[in-house]
Structure formats: structure tokens, C-alpha cells
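Asker: Once you've had a glance at the structure underneath, I'll fire off some questions.
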Amino acid sequence: MFTMALCGYLASVYSIGEADNEEDKRYFIRKTQLMTVIAFIAGGLVFLAASVEEIPLAQWIFGNVVGTGAVLLATISLGVMAYAVSKEKTVLPRLLAGFQVTMILLAIGYRHFPDFVVMKDAPNLSLLKDQAPAATMNALGWALLLGSLFILPALYYLYYSFQHEAKDHSEAAA
């Protein structure tokens with residue numbers, strides 16, 4: 001739920017800058033405010049679920065300076081975000097939203113780095129020592145490289161066509 005709430009939050013923040021008119025912009029501002037509350041509640045539920053499962057999540061996050069600092073910075077930036085959104089800014093909220101999610105990931109991941117997946121009753125999976133065989137990594141690298149040669153131009157064209165279409169609609173409405 002927390003991950004979905006964060007994705008909804010990011011989508012609503014980024015949509016403010018894509019709005020063509022003031023009504024749509026106000027709609028996405030309201031959605032951003034709602035998704036901020038939902039993400040905050042979902043984050044609280046994560047701590048509740050961890051407590052029920054006897055996972056010391058609060059200690060992992062707040063038991064070190066980096067985790068505490070990251071959460072503090074993300075929280076402080078919420079105030080700046082609220083101000084920027086209320087003034088109908090578009091770039092600053094996007095930057096702050098990315099910053100906030102980065103701080104959340106830093107707070108969560110710092111304590112266990114390089115462990116990527118923390119298991120309750122099994123060994124953790126590490127980014128540095130638990131990897132696929134070299135042949136698999138090589139094949140994956142080539143597949144990603146070759147795949148990006150086809151996918152990236154198509155994504156660019158898709159983005160370009162939607163931006164071009166949105167401009168045509170706004171000019172026709174004017």
C-alpha cells in the first residue's frame with residue numbers, strides 16, 4: 001500500500017505541471033494534497049505492520065544518524081512542498097517529490113546496505129555477493145542494451161506525440 005501511495009503521490013505531483021488549464025491544475029493540486037495524506041497514513045501502517053510482525057523497523061530507520069536525518073529532511077521538505085503547491089509552482093514540487101522518495105529509500109536502505117532483500121528467517125540477499133553467474137549478467141546486459149535501442153526511440157516518439165497533441169488541443173481551444 002505504501003509503494004502504491006508513493007506512486008500516486010508522484011503521479012499527482014508530476015501531473016500538476018502537465019495540466020493545460022487552471023481547473024486541471026487545481027484538480028491535481030487537490031489530488032497531491034490527498035495523496036500526501038494517504039502516503040503518510042500508509043507509511044504509519046508500515047510501522048504498525050512491522051511492529052505486529054516483530055520487525056524492528058523503527059530502530060533500523062531511526063537508530064542511526066543517516067536514517068533519522070533522511071526522515072527529518074523528507075519531513076521538512078513536506079512543508080516546502082505544501083507552500084510550492086499552494087503557489088501553483090510546477091518545477092519545485094517535482095524536485096521535492098523526487099527528493100522525498102530518495103530520502104525515504106535512503107532511510108530504509110542505509111541500515112542494511114549492501115543487503116537488498118532482508119529476510120526474517122533466512123539469509124539476506126546482498127547486492128554485492130548474491131548475483132547471477134557472469135554469463136547471465138553478460139546476457140542481461142546485452143539484452144538491456146539492444147532492447148533500449150528499440151524501446152527508447154519509441155518512448156521518445158510517444159512522449160513527443162502526446163506533448164504535440166496537447167499543444168494542438170490547447171491552441172484549438174483558444
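The values are calculated or read from the model by the stated rules, or taken from the named source; none is laboratory data. Computed from a predicted structure; not experimentally measured. Positions of Cβ are generated from backbone atoms using ideal geometry, with glycine treated the same way; all protein chains shown enter the neighbour counts. Heavy atoms of the whole protein, side chains included, go into the accessibility calculation; ligands, DNA and RNA do not. Shrake-Rupley method; radii C 1.70, N 1.55, O 1.52, S 1.80 Å.
Asker: Say we join alpha carbon atoms closer than 10 Å with springs in a Gaussian network model of the chain; which of Gly79, Gly43, Gly17 then has the biggest fluctuation?
Answerer: Gly79
Asker: Sticking with this structure for a sec: Please build a GNM for the chain, connecting alpha carbons under 10 Å apart, and tell me which residue among Ala70, Ala49, Ala82 fluctuates the most.
Answerer: Comparing Ala70, Ala49, Ala82 in the GNM, the peak value goes to Ala49.
Asker: To test your reading of the geometry: what angle, between 0 and 90 degrees and rounded to tens, separates the Cα axis of helix 134-173 from the longest principal axis of the chain?
Answerer: Relative to the chain, helix 134-173 is tipped by roughly 30 degrees.
Asker: Given a 1.4 Å probe, how much area per residue of region 57-133 is accessible, in Å²?
Answerer: Accessible area per residue: 65 Å².
Asker: Also, I was wondering about something else. Using a/c under 1.5 as the rounded threshold, could you call the chain rounded, prolate or oblate? The axes a ≥ b ≥ c are square roots of the C-alpha gyration tensor eigenvalues, and prolate needs a/b larger than b/c, oblate otherwise.
Answerer: Oblate shape, in that a/c is at least 1.5 and b/c is the bigger or equal ratio.
Asker: Looking at region 116-169, which trypsin sites (Lys or Arg not before Pro) are DSSP coil and have at most 11 other C-beta atoms within 10 Å of their C-beta?
Answerer: Of the trypsin sites (Lys or Arg not before Pro), the ones in loops of region 116-169 whose Cβ has at most 11 other Cβ atoms within 10 Å are Lys120, Lys129.
Asker: Here is a follow-up. For helix 22-52, what angle does its Cα long axis make with the longest principal axis of the chain, in degrees from 0 to 90 and rounded to 10?
Answerer: The angle comes out at about 10 degrees.
Asker: Right, here's the next one. Taking the chain, how many lysine pairs are there with alpha carbons less than 18 Å apart, if each pair must be eight or more places apart or span two chains?
Answerer: Here the count comes out as 5.
Asker: Roughly how many whole Å is it from the C-alpha centroid of region 108-138 to that of region 72-90?
Answerer: Between the Cα centres of region 108-138 and region 72-90 lies a distance of 34 Å.
Asker: Another question, then. Kindly express, to the nearest 10 degrees and within the range 0 to 90, the angle between helix 91-109's C-alpha long axis and the longest C-alpha principal axis of the chain.
Answerer: 10
Asker: Pick from Tyr27, Tyr157, Tyr110: which residue has the top mean-square fluctuation in a GNM of the chain where Cα pairs under 10 Å get a spring?
Answerer: Tyr157
Asker: Counting only C-alpha contacts under 8 Å and six or more residues apart, can you give the relative contact order of the chain as a whole percent?
Answerer: 18
Asker: Same structure, new question: Computing the accessible area with a 1.4 Å probe over protein heavy atoms, can you report the carbon and sulfur percentage for the chain? Each step should come with its number before you reach the end.
Answerer: Values: 8550 of 12290 Å².
Heavy-atom surface of the chain belonging to carbon and sulfur, 1.4 Å probe: 70 percent.
Asker: Let me ask something else about it. Divide by every residue of the chain the summed helix terms, -39500 (n - 2.57) for each DSSP H run of at least 4, and state the resulting mean residue ellipticity at 222 nm, rounded to the nearest 500 deg cm²/dmol.
Answerer: Details: 6 runs with 135 residues, N = 174.
One gets -27000 deg cm²/dmol as the mean residue ellipticity at 222 nm.
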